[in-house]
Amino acid sequence: MQVELEVADGVAVIRLNAPERRNALTPGMSRDLVDLLDRADEDPAVAALVLTGRGRGFCAGADLSTIGEAEVNPLSDENYHGIGAIYAAFRRFGTMSVPTIAAVNGAAVGAGLNLALAADLRIVAEDARLLSGFLRIGAHPGGGHLHLLDRVASRDTITAMAIFGEEVTGSEAVRLGLAWKALPADQVEAEAVRLAGRVARQPELARAVTRSLRLEVPGAVSWDAAMYIERAPQLRSFFQRSQGT
């Protein structure tokens, strides 16, 4: 399997497992990823999910053979749906009902950067390479790339990365607000799992807070609307605490 799922103590870990191509996504691999994301999301015992890659890379984007076929005939049904399957993978990751962490252990390029940006939180290797990469291959950014960057980055950072092709290391990503923490590569997954474990005993509450986060941040609603969104789940959590559940 080129995608693996492990669930333990309330935390799901999905590992991309195609290290020979730095975990670049094919349509088939992307569909397998969506299936495992669905499985994790449907498990009521799962409170958080970590996504990482086997080997030295997180995800090098779309597999070159997929891109090559799309270049030859971009409007064919097969190629159109193949690229769509890759988009669907990071879209599904970004719409999980549980909080998500991308453990970026190595390069995240193009669609792979989209995958990392779709997470609620990013833990990155200090020497990770974060690169838009689209213009380097003569392609327009896709999959909502500019929108995903805009959720976490300044206008200057978006322009530097998406238009002028600036590459960002993991350490620089933290400074720029693209990631929460940078660590040696061999510590990234363990730290992501440790953070995920903090909510492992409260899966229902973790999902409720994540739902509120997605509705409110960044500035999608007014403060009054945010208070309204939070009121019902907060009252529910108070009641559950009083019942010891």
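Bear in mind that the values in this text are calculations on the coordinates, not laboratory data. Quick caveat, the model's predicted, so the values are computed rather than measured. Here the Cβ positions follow ideal geometry from the backbone for every residue, glycine too, while neighbour counts run over all protein chains shown.
So what is the relative contact order of the range 126-245, in percent, for Cα pairs below 8 Å that sit 6 or more residues apart?
On the way: 82 pairs, mean separation 27.6, N = 120.
Worked out over the range 126-245, it gives 23 percent.
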Inset, instruction - For the chain, compute Rh as the Kirkwood radius over C-alpha pairs and then the Stokes-Einstein diffusion coefficient at 37 °C and 0.692 mPa s; write the answer in µm²/s, rounded to an integer. - result: 178 µm²/s
Legend entry - Charge dipole of the chain about the Cα centre (unit charges at C-beta), most positive-ward option of 88, 182, 25: 182
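Under a Cβ-only charge scheme (Lys and Arg +1, Asp and Glu -1), can you give me the dipole magnitude of the range 203-242 about the Cα centre, in debye to the nearest 20? List each step's numbers first, then the result.
Values: 6 positive and 4 negative charges, 35 e Å.
Result for the range 203-242 is approximately 160 debye, rounded to the nearest 20.
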Inset, instruction - Would you mind checking the radius of gyration and Dmax of the range 118-245 based on alpha-carbon positions, in Å? - result: 18.2, 59
Legend entry - Footprinting exposure proxy for 222, 171, 30 (fewest neighbouring C-beta atoms within 10 Å first): 222, 171, 30
Legend entry - Additional length obtainable on full extension of the chain from residue 167 to residue 186, 0.36 nm per residue less Cα span: 4.7 nm
Legend entry - Cα gyration tensor shape for the range 203-242, rounded if a/c is under 1.5, else prolate or oblate: oblate
Inset, instruction - Determine the calculated [θ] at 222 nm for the chain from helices alone, applying -39500 (n - 2.57) to every DSSP H run no shorter than 4 residues and normalising by the residue count; nearest 500 deg cm²/dmol. - result: -14500 deg cm²/dmol
Legend entry - Per-residue Cβ neighbour rank within 10 angstrom, fewest leading, 157, 100, 169: 169, 157, 100
Legend entry - Contour minus Cα-Cα distance for residue 95 and residue 1 (0.36 nm per residue): 31.5 nm
Inset, instruction - Could you line up 4, 20, 172 from fewest to most neighbouring Cβ atoms inside 10 Å? - result: 20, 4, 172
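Taking the Cα centre as origin and putting +1 on Lys and Arg beta-carbons and -1 on Asp and Glu beta-carbons, what dipole magnitude results for the chain, to the nearest 20 debye? Each step should come with its number before you reach the end.
Details: 25 positive and 30 negative charges, 137 e Å.
With Lys and Arg at +1 and Asp and Glu at -1, about 660 debye.
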